[in-house]
1. Can you give me the accessible area per residue for the chain, using a 1.4 Å probe, in Å²?
2. Which entry in [x] -0.44, -0.86, -1.14, -1.29; [y] -0.52, -0.93, -1.15, -1.26; [z] -0.75, -1.05, -1.21, -1.29 matches log10 I(q)/I(0) by the Debye sum over Cα atoms at q = 0.11, 0.15, 0.17, 0.18 Å⁻¹ derived from the coordinates of this structure?
3. Per the Kirkwood definition applied to all pairs of different Cα atoms, how many angstroms is the hydrodynamic radius of region 98-202?
4. Within region 30-107, what whole-number % of the accessible surface is contributed by carbon and sulfur, with the 1.4 Å probe and all protein chains included in the calculation?
5. Radius of gyration and Dmax for region 29-99's Cα atoms, expressed in Å?
6. Please report the net charge: other residues with Cβ closer than 14 Å to the Cβ of Ile178, K and R +1, D and E -1.
7. Mind giving me the nanometre distance, one decimal, between the label points for Glu167 and Ser142, set 7 Å out from Cα along Cα→Cβ?
8. With everything on Cα atoms, drop me the angle between helix 53-69 and the longest principal axis of the chain, reported from 0 to 90° to the nearest 10.
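The values are calculated or read from the model by the stated rules, or taken from the named source; none is laboratory data. All values reported here derive from a predicted model rather than from experimental measurement. No Cβ is skipped: glycine too gets one built from the backbone with ideal geometry, and neighbour counts run over all protein chains shown. All accessible areas refer to the heavy atoms of the entire protein, side chains included, with ligands and DNA or RNA removed. Shrake-Rupley method; radii C 1.70, N 1.55, O 1.52, S 1.80 Å.
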Amino acid sequence: MKIEKNKKYPQVILASSSETRISILKKIFKKIQIKKHKINEKKEKNINKHLKADELAKHLAKKKAESVSETNKTFLIMGCDQTLECNKKIINKPENCRQAKKNLMFLSGKKHRLHSCLYVLKDDKEFFIEEVTSELYFKKVSEVQIDKYLKENKETALNCVGSYKIEDNDKYNFLQIISGSNESILGFPIKKFIEKLESENT
């Protein structure tokens, strides 16, 4: 996605501390604010166990935006979330390296889906929503390879839903993309949102 910064875009607030999402936004907007959302994701997931993986991504993205909108109603508030589903099981961010290894061992040799949602509020009302599902195949890897990856990428593994980061694939070559755009795999399907802003400024 190649979009130049546009001074006509309104100021946005990102309810996330994701370095990837922040980096993408800075390439597009001249003015952005970063505010950490106030949602307890673990608690929300426990309460909403009945939701499917894609429904959960939308629910969390909405809740994150709403948690920041309470004191910033006049701005565009962007909430984002991504869930990973494999064999009908939702894989969550690991709490430690042991869980990260368990996640990667489970994904090894299997297809999985990444459900990404961007939810945007304006004047405390839904302004834009984009839900995208990508499908990937995690190649069969050995326990030794997984241990090596975790040793070299501990922080990354503990901060990603699948315990891996797609940006590492050039180095480790453990993922095959079956379907989905780069932005959706990164958990930030923003292209159509920008197109909406462009149309409103023409």
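1. Details: 11290 Å² over 202 residues.
Accessible surface, normalised per residue, equals 56 Å².
2. It is the value labelled [y].
3. Values: mean 1/r = 0.0652 Å⁻¹.
After inverting the mean inverse Cα-Cα distance, the result is 15.3 Å.
4. On the way: 2170 of 4530 Å².
With neighbouring chains kept in place, the figure for region 30-107 is 48 percent.
5. 14.1, 43
6. Values: positive: Lys110, Lys111, Arg113, Lys139; negative: Glu85, Glu135.
Local charge sum for Ile178: +2.
7. Computed distance between label sites Glu167 and Ser142 equals 2.9 nm.
8. 40
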